[in-house]
Amino acid sequence: MRRTFSEESNAAYNLNMLFRTGATYADLVMMDVQEVQPSESQLQKVATLACVTHEDSNDHHIPDPTGESRFVFRMPAGEEYYREQIKVPYSKAVFGNARYIKCSGRFACPQHYTYYKHLLTLDITTRDKRPLWWGCRIDNKIGLTDADAPLSEFHIYHCDLNKWGRIWFYVPIPAGLEEGDQVRLDIWNIGWQEMLVDDICLELYR
């Protein structure tokens, strides 16, 4: 049986979990971003807005220990935000008939911190200054997208140290966006803990 926890839940998550005995990856994402996650089998990719793959060498890049790419980004404990955040202006011509923004990345955490998880964040700065922000915890989802992830590990305190995992979440594209509104994908190192990062992407789906 899958375990669920209510200490850090919210109304959207609680309603979604009515009459259910356990959580899925999509449920854990919904707990964080408070948006129902679409079925990926029913989605069609529209465009890739931007990706950061860290293939060049600099003072924050180290050789990829998995061999999947040349380099990965080492986010040190002393830095609160990701240096290579993605910023994309909203354009109706580019976004077209897309319904969702997909935020994703590949991560590994060498340290475990119970409460202050790293967050993959999306925020949109609009002309009317509406507060549009979503944050998805990274640490507790690494390993849960693997096909062999045990059912007992689908809970908010899950942790796979020193293991690489792909994390993603979807956000419905808000109505009323205007040309030039800024869409930004970032990582918030809220607990000031080291983390390895690669393949940060912002994509559109319908």
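The values are calculated or read from the model by the stated rules, or taken from the named source; none is laboratory data. Only a predicted model underlies this, so the values are computations on that prediction, with no experimental measurement involved. All Cβ positions, glycine included, derive from the backbone under ideal geometry; neighbour counts span all protein chains shown.
Could we say that Arg127 is of a type in the set (Lys, Arg), modelled with pLDDT of 95 or more, surrounded by fewer than 20 Cβ atoms within 10 Å (Cβ to Cβ) and under 22 Å from Ala98 (Cα atoms) here? No, not satisfied.
Which residue out of Trp188, Trp192, Trp168 is at pLDDT 95 or above and within 21 Å of Gly78 (Cα to Cα)? Outline the logic, then answer.
Working: Trp192 fails: at pLDDT 95 or above; Trp168 fails: within 21 Å of Gly78 (Cα to Cα).
The match here is Trp188.
The requirement of being touching a residue at least 24 places away in the same chain (Cβ under 8 Å), assigned to a loop (DSSP other than H, G, I, E, B) and surrounded by 15 or more Cβ atoms within 10 Å (Cβ to Cβ) is satisfied by Ile190. When Leu120, Leu161, Leu144 are checked against the criterion of being under 16 Å from the mean Cα position of the chain (by Cα), touching a residue at least 12 places away in the same chain (Cβ under 8 Å) and in a loop (DSSP other than H, G, I, E, B), Leu144 stands alone in meeting it.
Here Met31 passes the criteria (1) aliphatic (A, V, I, L, M); (2) part of a helix (DSSP H, G or I); (3) touching a strand residue (DSSP E or B) at 6+ places or on another chain (Cβ under 8 Å); (4) crowded, with 17+ Cβ neighbours inside 10 Å except the one numbered (3).
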